[in-house]
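In what follows, a structure is listed as structure tokens, so that the remarks can point back to it.
The values are calculated or read from the model by the stated rules, or taken from the named source; none is laboratory data. It should be emphasised that the depicted structure is a prediction, and the values quoted were computed from it without experimental measurement. Neighbour counts are summed over all protein chains in view; Cβ atoms, including those assigned to glycine, are modelled from backbone coordinates with ideal geometry. Accessible surface areas use protein heavy atoms only, side chains included; no ligands, DNA or RNA. Shrake-Rupley method; radii C 1.70, N 1.55, O 1.52, S 1.80 Å.
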Amino acid sequence: MKKIKIESFLEIYTSIDELPETIFSLMQEAILARDTAYAPYSEFYVGAAILLENGVVVRGSNQENAAYPSGLCAERTAIYYASAQYPNTTFKAIAISAKAKNKATSQPIPPCGSCRQAIAEYEIRQREAIPIYFMGDQGEVWKSDSLENLLPLLFTSKYL
């Protein structure tokens, strides 16, 4: 038997104010998107903003449904809209912000597994890493230089 060690490295900013100007603005867009979330069941609101290579920022928020599998996360809402409206345009960065209705969310909230897989598809497709910045509604912002850092051992089309 053999064991392997897989490590992830994140950059941690103590607050949104420490972010580079472009990313600060992108996170502000994610916060605006978060405030448009439709989350009557979980009362957990998520916003995502994607900076495209052409300078356009695309926003998405989570959209719930009483039939739970029919809803969609903020990240995938933004990703699929960006891809539909701006096909073949590279994603330069993604910002994500989440908050709960009845409590402070100071722990950075990363993308869920389904969203990680969706982001992976676009990172592979564009052959370029996508920096991902994520936070709660306050406190630290964490940055991953690429999705593979958050989802090692990616499932890709090479397995099909």
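Got a number for residues in segment 1-27 being β-branched (V, I, T) and in a loop (DSSP other than H, G, I, E, B)?
3
Residue by residue through segment 88-115, note down the ones that are modelled with pLDDT of 95 or more and charged (D, E, K, R). If the condition is that a residue be modelled with pLDDT of 95 or more and charged (D, E, K, R), then K92, K99 are the ones that fit. Go through segment 28-45 and give me each residue that's of a type outside the set (S, T, Y) and either open to solvent by 70 Å² or more (accessible area, probe 1.4 Å) or part of a loop (DSSP other than H, G, I, E, B) (or both). Once the filter is applied, which keeps residues that are of a type outside the set (S, T, Y) and either open to solvent by 70 Å² or more (accessible area, probe 1.4 Å) or part of a loop (DSSP other than H, G, I, E, B) (or both), segment 28-45 yields Q28, L32, D35, A37, A39, P40, E43. For segment 101-160, a residue qualifies if it is closer than 18 Å to I31 by Cα, over 16 Å from the mean Cα position of the chain (by Cα) and among the basic types (K, R), and the qualifying residues are K101, K103. Of note, L51 does not satisfy the criterion of being open to solvent by less than 60 Å² (accessible area, probe 1.4 Å), closer than 12 Å to Y133 by Cβ and outside any strand (DSSP E or B).
Here A120 fulfils each of the conditions (1) surrounded by fewer than 18 Cβ atoms within 10 Å (Cβ to Cβ); (2) of a type in the set (A, V, I, L, M); (3) more than 28 Å from E43 (Cβ to Cβ) apart from (1).
When segment 129-140 is filtered for residues that are closer than 9 Å to F91 by Cβ and at pLDDT below 95, nothing remains.
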